[in-house]
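One structure below.
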Amino acid sequence: MNRKILVANWKMNPQRESEAIKLTKAIDAKNVVICPPFPFFKSVKSVIKKASLGAQDAFWEERGAYTGEVSPLMLKKLGVDYVIIGHSERRRWLHETDEMINKKVKVALKVGLKAILCVGEPLSVRKKGLQAAKNFVKNQLREDLKNIYNLKPKTYNLIVAYEPIWAIGTGKPDNPKETAEMSRFIKEYLKPKTYNLKPKVLYGGSVTSLNIGRILEYNEIQGALVGGASLKVNEFKKIIKIASK
Ligand code: 13P
């Protein structure tokens, strides 16, 4: 198994800066991307030795009068390498549309961040089968990546995270075999459109130390986006150990 990427998406956790620092020190490894809430960025960065820093979102303009938003350029200058874009929680609670996500991906790539684009279907779609899920994801990719090809971002700058919505925080991960099939599908779909860009595909949704091995066994899956388990030191350490074999 090649060394796989693990993206720790802390979401709106932990509650205290001291906890964020403690957690960072414990999970600091080369193949880990730590995505803390914005207020903890500086302190997390100050203790990171091996891991990379990621943001959970960034706005679609580099500067201007956009109250409450965070500029991708500011993040880049702060030493941030990755940015998660289009997470289903933002699509749901902040009503982010494919159009907004498309603009965010483009500007993130433009300023030199590695964009982790999240896609994935709801349960109602998956109930109709994997083919229906593929169609759903294909439509998201088509809209979210519209015209990114003009930017000619370097191969490694676009990462796709397949996160079926029904698998997030439910304790019910996707069947790894089907995740691998979806990853292959995503790569195939993007091949002609991205002019031989080869985006990495990650999986997210109820990843734990008990299931990560079976997920990462597949060459088509280059890593995982981990929510809940990334906040538990011992659990995440086990995940890092398995992903680093
Ligand atoms: P969980 O690992 O808690 O299911 O969350 C997945 C996720 O949303 C990562 O972005």
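The values are calculated or read from the model by the stated rules, or taken from the named source; none is laboratory data. Bear in mind that the values here come from a model prediction, so they are computed numbers and not experimental data. All Cβ positions, glycine included, derive from the backbone under ideal geometry; neighbour counts span all protein chains shown. Keep in mind that these areas ignore ligands, DNA and RNA; they rest on the heavy atoms of the full protein, side chains included. Shrake-Rupley method; radii C 1.70, N 1.55, O 1.52, S 1.80 Å.
Going by the structure shown, is Val105 touching a residue at least 40 places away in the same chain (Cβ under 8 Å), open to solvent by less than 20 Å² (accessible area, probe 1.4 Å), of a type in the set (A, V, I, L, M, F, W, C) and not in a strand (DSSP E or B)?
yes
Could you check Cys118 against (1) in a helix (DSSP H, G or I); (2) open to solvent by less than 50 Å² (accessible area, probe 1.4 Å) and say which number it fails?
In the conditions (1) in a helix (DSSP H, G or I); (2) open to solvent by less than 50 Å² (accessible area, probe 1.4 Å), Cys118 misses (1) alone.
State which residue pairs qualify: first residue within 30 Å of Leu123 (Cβ to Cβ) and inside segment 64-92, second residue open to solvent by 30 Å² or more (accessible area, probe 1.4 Å) in any location, beta carbons under 6 Å apart, and separation of 6 or more residues or different chains.
Tyr82/Lys114; Ile84/Gln56; Ser88/Ile165
If I go through segment 41-67 residue by residue, how many of them are within 30 Å of Ser244 (Cα to Cα) and assigned to a loop (DSSP other than H, G, I, E, B)?
Residues flagged as within 30 Å of Ser244 (Cα to Cα) and assigned to a loop (DSSP other than H, G, I, E, B) within segment 41-67 amount to 7.
Tell me, yes or no, whether segment 82-100 has at least one residue that is open to solvent by less than 20 Å² (accessible area, probe 1.4 Å), away from the ligand (no atom under 16 Å from the Cβ), in contact with a strand residue (DSSP E or B) (Cβ under 7 Å, 6 or more places away or on another chain) and aliphatic (A, V, I, L, M).
Looking for residues that are open to solvent by less than 20 Å² (accessible area, probe 1.4 Å), away from the ligand (no atom under 16 Å from the Cβ), in contact with a strand residue (DSSP E or B) (Cβ under 7 Å, 6 or more places away or on another chain) and aliphatic (A, V, I, L, M), one finds none in segment 82-100, hence no.
What's the number of the only condition in (1) open to solvent by 10 Å² or more (accessible area, probe 1.4 Å); (2) at pLDDT 95 or above; (3) within 16 Å of the ligand (Cβ to nearest atom) that Lys138 fails to meet?
Going through (1) open to solvent by 10 Å² or more (accessible area, probe 1.4 Å); (2) at pLDDT 95 or above; (3) within 16 Å of the ligand (Cβ to nearest atom) one by one, Lys138 breaks only (3).
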